[in-house]
Amino acid sequence: MTLWVDRVSKTFPGSMKASICDVSFQVSEGEFVCVIGPSGSGKSTLINLIAGLETPSTGEITLDGKPVREPGADRVVMFQESALFPWLNVFDNVRFGLKNQKKTPEEQEKIATRFLKMVRLSEFAEYRVHQLSGGMKQRAALARALALDSKILLMDEPFASLDKQTINLLREELAVIWKETRKTIILVTHSVEEALFFADRIIMLSAEPATVREVMNIDLPRPRSIESEAFLSLRKDILKRLRVEVEEVAKGEHDAR
Amino acid sequence: MPKESTTRGRVLRMILFLSALLMIWQGVYFLGVEILSVWKSYAVPSPLGVLNSLIEVTSGSVLSVAIFKSLQRLLVGFVISMGLGLILGLMMARIDFLRQNMKPLVLGLQTLPSICWVPFAILWYGLSDSAIIFVIIIGSMFSISLAIENGINTVDPIYVRAAKTMGTRGGALWSRVVLPAAMPSLIVGMKQGWSFSWRSLMAGEMMFSSVGLGQILMMGRDLADIDRVMAIMVVIIVIGTLMDRMVFGTWEKSIRKSRGLDRDDQ
Ligand SMILES: Nc1ncnc2c1ncn2[C@@H]1O[C@H](COP(=O)(O)OP(=O)(O)O)[C@@H](O)[C@H]1O
Ligand SMILES: [Mg+2]
């Protein structure tokens, strides 16, 4: 499995400036790639482009050599706002996409049961979405995405709307699940800590226009701890580099005025 | 809003209020008709007279036959109106051209009281059941189609996007995502359409003499029996309320509750 993002730019119709500009990178089988950038730097746009929900203005995205033209179950997205369906219970939400894959009802149930167990929601299978806490919603959304066995899983700030404690818990769980499934994941986030916790590779976006500013290979040993010294010093280092970036943006805005 | 006493207390208070109203009404009637004789007794109903008429009309089969006939027309009209409203609503929701150009027209037509269609109905269908059903359909389908268009276009796009990335496409996007997501607003639209149908039915049935609730209401007028007119009005109110609250109200409540849109105590 190889995903190529090849000199991709996106300017939304009616918009003066490009949301992302000339972004290129490659993701291979089993990699966990994190994209960081300040808010508004085009992270969601990038995810939507890879998902096929938007089309690039220039450049091309290919998955295993085939150009991405439309959304498909080989590139499932997990959104920040869970996007679970309120008219279905948790179990049917997890099973939703499997119906498109022409699986028998027995297979669907088996798969849904397995992934609900993986995210520790077995007891909540019959619950409606509104009866779940924020953390449980994201777990259910993760199970729904994993159940489809996509080639690549795209995550758009999946933990950004949760409280600190829940974030830590879910990060640990995702790390374990990733170790078990070896899924290829692209996760975008504004949190350096989150990126460092997961990533084999971090792609740092600059703001306005979002271009790839830096690519870092992270070889911190796993399982990672956000309190280890190596982690903390690396985090500090990245934050410093990011700050320069943010200051440049601020200066640019100032000069433009 | 302050949550006041229990249901029982609320019902009790309402009964008390209604009884007081009835007593005042009876008092005013007594004063105006019997003592001062400023009003003619055939022009002013009295609570006791209405009660008498109610017992009278409900004892025979006239009323039940009329209700049956009326509900039958209503059902036929409503079902057709739902079908046409659904088609028109879906078309306005899907086709930008229609939404931009047709919707303002439909919005205008919707404000037209259904009784304005009566001349049309008679010229096209004569004095027949079809004429009444025509008035029902034309009086409710525009509001239904607007509710459907609105319900569909206010579906949160995140659901459609999520479904697409899970490999859902084409017709399945509609049947498995858009329609279920729009369901609460669709039910509100149906409820509204139903009450428009009900009003149109009455307008239609008063066009000419045909068995039905509207007709026995007019019969009361012809007999100069104001108590009877009022009694039938009460029946019409009760049926209308029952259908509105029991059928659509319950349905709406249950679907809203299952999605967490209402709390239990509301
Ligand atoms: N559908 C859209 N139409 C026009 N502009 C958009 C659209 N989506 C995003 N943008 C713009 O693109 C830029 C990047 O947005 P986004 O990808 O959401 O950033 P992030 O996810 O990093 O916060 C923003 O300036 C935003 O206003
Ligand atoms: Mg975003």
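Worth pointing out:
- Prolate/oblate/rounded call for the stretch B:48-196, Cα gyration tensor, a/c under 1.5 rounded: prolate
- Helix A:164-181 and the longest principal axis of the C-alpha atoms of chain A enclose an angle of approximately 70°.
- Positive-end residue, the protein assembly as shown charge dipole about Cα centroid, Cβ charges, pick of A:Gly59, A:Pro13, B:Ala66: B:Ala66
- By definition, a body whose alpha carbon gyration tensor gives a ≥ b ≥ c is oblate when a/c is 1.5 or more and a/b is not larger than b/c, and chain B fits this oblate description.
- Per-residue HN-Hα couplings for the stretch B:124-137 [Karplus 6.51, -1.76, 1.60; θ = phi - 60°; Hz; x = Gly/Pro]: 7, 10, x, 8, 9, 4, 4, 4, 5, 5, 4, 5, 4, 4
- Choice from A:Gln80, A:Gln101, A:Gln138 showing the highest fluctuation, given a GNM over chain A with Cα pairs closer than 10 Å: A:Gln101
- Summed over both chains, the contact between A and B buries some 2000 Å² of accessible surface at a probe radius of 1.4 Å.
- Seen against the Cα atoms of chain B and their longest principal axis, helix B:213-222 is set at about 30 degrees.
- At the listed q of 0.07, 0.10, 0.13 Å⁻¹, the Debye profile of the protein assembly as shown, built from one uniform point per Cα, gives log10 I(q)/I(0) equal to -0.60, -0.91, -1.25.
- Largest to smallest in accessible area, the residues A:His130, A:His190 fall in the order A:His190, A:His130 (1.4 Å probe, all protein chains included).
- When the pairs A:Lys110/A:Lys179; A:Lys43/A:Lys110; A:Lys10/A:Lys99 are compared against a 26 Å limit on Cα-Cα distance, A:Lys43/A:Lys110; A:Lys10/A:Lys99 fall above it.
- Taking N as its residue count, the alpha carbon Rg of the stretch A:5-70 over 2.2 N^0.38 Å: 1.09
- Three-way shape call for the stretch A:183-240 based on the alpha-carbon gyration tensor, with the a/c threshold at 1.5: oblate
- Peptide A:84-92 - average C-beta neighbours from other chains (10 Å radius): 4
- Principal-axis analysis of the Cα atoms of chain A puts helix A:229-256 at an angle of about 60° to the longest axis.
- Mean Cβ neighbour count within 10 Å, used as a protection proxy, ranking B:19-25, A:35-41, B:101-107 highest first: A:35-41, B:101-107, B:19-25
- Legend: mean number of C-beta atoms from other chains within 10 angstrom of residue C-beta atoms, peptide A:137-145, equals 1.
- When peptides A:90-99, A:208-217 are sorted by average Cβ neighbour count within 10 Å, with the highest value leading, the order is A:90-99, A:208-217.
- Ranking B:Gln110, A:Leu88, B:Gln26 by how far each Cα lies toward the positive end of the dipole of the protein assembly as shown (charges on Cβ) leaves B:Gln26 at the top.
- Other-chain or far-sequence residues with amide H under 5 Å of A:Val68's (modelled H): A:Ile61, A:Thr62, A:Leu63
- Contact order, relative form, for the stretch A:73-203: 33 percent (alpha carbon pairs under 8 Å, 6 or more residues apart, mean separation divided by residue count).
- For the stretch B:195-206, 3J(HN,Hα) per residue [Karplus equation, 6.51 cos²θ - 1.76 cosθ + 1.60, θ = phi - 60°, Hz, x = Gly/Pro]: 6, 5, 4, 4, 5, 5, 4, 5, 4, x, 6, 8
- Mean-position separation - Cα centroids, the stretch B:233-251 and the stretch A:86-137, in angstrom: 39
- Phi-based couplings in Hz for the stretch A:208-213 (Karplus 6.51, -1.76, 1.60; Gly and Pro marked x): 6, x, 6, 10, 6, 8
- Taking amide H as placed 1.01 Å from N in the peptide plane, A:Arg201 has its amide H under 5 Å from the amide H of A:Phe32, A:Cys34, A:Ile218, each at least 5 places away in sequence or on another chain.
- The packing ranking of peptides B:146-156, B:110-120, B:28-38, highest mean first, is B:146-156, B:110-120, B:28-38, where packing means the average number of other beta carbon atoms within 10 angstrom of each residue.
- Positive-pole candidate from B:Ile138, B:Gly204, B:Gly151, dipole of the stretch B:45-258, charges at beta carbon: B:Gly151
- Rounded to the nearest 5, the antiparallel percentage of DSSP beta bridges internal to the protein assembly as shown is 50%.
- The shape of the stretch B:1-42 can be summarised by an equivalent ellipsoid whose semi-axes, obtained from the alpha carbon gyration tensor, come to 35, 8, 7 Å from longest to shortest.
- Cβ-based net charge around A:Pro221, under 13 Å, with every Lys or Arg adding one and every Asp or Glu removing one: 0
- Of every Cα-Cα pair in chain A, the percent that sits beyond 23 Å: 53
- Just checking the listed ones, A:Ala175, A:Ala199, A:Ala145: in the Gaussian network model of chain A with Cα springs under 10 Å, the one fluctuating most is A:Ala175.
- Averaged over A:46-59, number of beta-carbon atoms from partner chains that fall within 10 Å: 1
The values are calculated or read from the model by the stated rules, or taken from the named source; none is laboratory data. Please read all numbers here as calculations on a predicted model, not as lab measurements. Cβ: placed from backbone, ideal geometry, glycine included. Neighbour counts: every protein chain shown. Accessible surface areas use protein heavy atoms only, side chains included; no ligands, DNA or RNA. Shrake-Rupley method; radii C 1.70, N 1.55, O 1.52, S 1.80 Å.
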